[in-house]
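What follows is a short report on a single structure.
Laboratory data are not the source of any read-out in this text; all were calculated from the coordinates shown. Just so you know, these numbers come straight off a predicted model, no measurement behind them. Because the Cβ atoms are built from the backbone with ideal geometry, glycine has one as well, and the counts that use them run over all protein chains shown.
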Amino acid sequence: QVVSSLPVGSVMAIAKRSTESGDKEAPPAKRAKAEEEEEEEEDDDDDEDDDDEEGDEDDEELGSDEDDSEEFDMEDFEDVEDMTEEKLTTFTEAYKKFCEERDTESGEDRVCLVFGTPTDIRPVPQTAEEFKAKTPYVFLDAAGQDFMETFGEKYMMAFAANMPEEEDDEEEPAEDVDVSKGYEAQLKVWTETLAEVKSMDPKERWQAGIALVHQVLEDNPGNLFESGEKGKECSAVVTKLAEMWSELLKLDDKKMGLYDGAREQLKKMLKSLVDRLEDKEFAKGAYAGKFKVAGL
């Protein structure tokens, strides 16, 4: 399993080991079939056409590589006075190496989840070692991945299912949409899931707890916590989440079933959540002082 190299809000997305490229074979196949039909009609030379097709595929691959190299740009570092194109290139290469190293540490039975946006790190990292030291990341096994996916889907569907239906003839969405029912449904999912997680065996609980932290941090239009709409109720949830992690961190690594180095990374992850919740721009500071985890 691999770590995605593209930032998504405040949390890096999990990417499955590349079977996706095999799923995208239909368009090339259709092009090949079309070219074969043209060859029959025009009696063109088969070898020449094959060479042209291969050249087209090579161009596509080059284009893809070029797109990947543009994931970061100078605008991401407007606050860094001494930022240069050379440093940007070094930054990009270092981050790519950091991701490749995490990929090597992963396996068929686990994936790596990286927290934070790389362009937010200061000073700007110039080596993979600097990224490793400053970036929280954890590994999830198959059960942890399933829980995260199930909870994330249930959480977002709760919001979507309780949104007012748009009229078919509306050209633009209404500006004043009542989203309160969507947030109420999300809060219900959160309360029920948190109670479920707190009753889990510690070896399962810490991975499920990561999924909960992920949803607080995730940057999307339906983020209950970032909206600030249910500030009082969400503050209570944040406090209970902190209590759960405080209880977990009191246990030793064996009791929690942690792999080597996991505790340090979990603490980094939790500190990143503290920083987010203490930020006055996040829900206007509604959760400042609410997420206090013992042992950080």
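Miscellaneous remarks
- Each residue of the range 81-90 is assigned a 3J(HN,Hα), and the resulting list reads 5, 9, 6, 10, 4, 5, 5, 5, 5, 5 Hz, derived from the Karplus form 6.51 cos²θ - 1.76 cosθ + 1.60 (θ = phi - 60°), x at Gly and Pro.
- Quotient of the Cα radius of gyration of the range 196-260 and 2.2 N^0.38 Å, N being its number of residues: 1.25.
- FRET efficiency, 1/(1 + (r/R0)^6) with R0 35 Å, evaluated for residue 275 and residue 87 via beta carbons: 0.90
- In a fully extended conformation the segment linking residue 129 and residue 80 would gain 15.6 nm over its present Cα-Cα distance, using 0.36 nm per residue.
- With θ taken as phi - 60° and the Karplus curve 6.51 cos²θ - 1.76 cosθ + 1.60 applied, the whole-hertz 3J(HN,Hα) list for the range 146-161 is 5, 5, 4, 5, 5, 5, x, 5, 5, 5, 6, 5, 4, 6, 5, 5 Hz, x standing for glycine and proline.
- In this structure, the amide hydrogen of residue 110, modeled 1.01 Å from its nitrogen in the peptide plane, lies closer than 5 angstrom to no residue at least 5 positions away or on a different chain.
- Contour excess over end-to-end distance, with Cα ends at residue 243 and residue 149 and 0.36 nm allotted per residue: 31.5 nm
- Separation of the residue 191 and residue 255 label points, Cα + 7 Å toward Cβ, nm: 3.0
- Using C-alpha pairs under 8 Å with a sequence gap of at least 6, the mean separation divided by the residue count of the range 74-166 gives a relative contact order of 28 percent.
- For the range 250-283, GluC sites (Glu not before Pro) are listed when DSSP marks them as loop and at most 12 other Cβ atoms sit within 10 Å of their Cβ; the list is 281.
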